[in-house]
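All of the numbers you see were taken from the coordinates with simple rules; none came from a lab. Since we're looking at a predicted model, the values are computed, not measured. In this analysis, Cβ positions are derived from the backbone assuming ideal geometry, glycine residues included, and neighbour counts consider all displayed protein chains.
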Amino acid sequence: MTKTPSTNAVPNPADPEFDEVGEAYLDHLIADLITGLGEDVSREGLVKTPHRVERSLRFLTSGYSTDIGAVVNGALFDAEGADDLVVVKDIEFYSLCEHHMLPFFGKAHIAYIPGTSILGLSKFARLVDVFARRMQVQERMTRQIADTLVEVLEPQGVAVVTEANHLCMMMRGVEKQGSSTQASAMRGVFKDDPKTRQEFLEAIR
């Protein structure tokens with residue numbers, strides 16, 4: 001009897017055999033793609049490639065099956081009246097462009113002014129990963145991070161800026177190696193108050 005795989009299966013990159021062992025769900029499709037590109041999928045260097053690619057894609061798109069509540073996991077704490085600017089910057093991220101399935105990567109900078117709660121600092125990086133590990137466009141990813149933090153924290157305001165290099169521009173198409181893209185999402189006081197917004201932008205320069 002053939003086992004029906006779960007489409008939500010997320011490989012564990014900490015597994016020492018992550019690239020080598022496990023059930024392969026899309027292997028035959030990836031093998032057909034490699035063959036269609038003119039390669040011999042049966043040669044030694046490519047025999048295990050379809051399985052490795054399948055496992056890799058499962059990991060790189062694991063954000064679809066990640067529960068935000070599980071990420072936050074009780075890491076909300078009483079702000080104790082604090083209402084000063086909190087900035088977490090230079091959060092590395094790696095994502096896949098949804099138009100060409102080529103990587104784009106860079107850094108995210110996040111700021112918020114607390115309402116009644118603050119969030120454990122490591123959770124900002126984890127939330128960035130949730131949305132980066134999907135097929136994405138940078139603008140949407142930036143908005144999703146900001147809107148999720150508004151929902152989770154109910155702060156006075158949230159600001160998110162992402163800076164990224166896109167391999168779909170660097171490796172193909174216009175082939176511009178020095179280009180980068182910046183996207184921003186401002187919510188609450190960061191959108192309404194130019195001074196607060198400027199304080200954040202100066203902090204991440």
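Summary table below
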read-out	value
Highest-MSF residue in the chain out of T66, T162, T142 [GNM, Cα springs under 10 Å]	T66
Surrounding net charge for E151, when Lys and Arg each add one and Asp and Glu each subtract one, Cβ distance under 13 Å	0
18 Å tail of the calculated P(r), the stretch 30-132, as % of Cα pairs	64
Within the chain, percent of DSSP bridges classed antiparallel, to nearest 5	95
Neighbourhood charge, 14 Å Cβ-Cβ cut-off, centred on K195 and excluding it, Lys, Arg +1 and Asp, Glu -1	-3
Highest-MSF residue in the chain out of V158, V128, V53 [GNM, Cα springs under 10 Å]	V53
Along the chain, longest interval not containing exposed GluC sites (Glu not before Pro), exposed being DSSP loop plus at most 14 other Cβ atoms within 10 Å	99-174
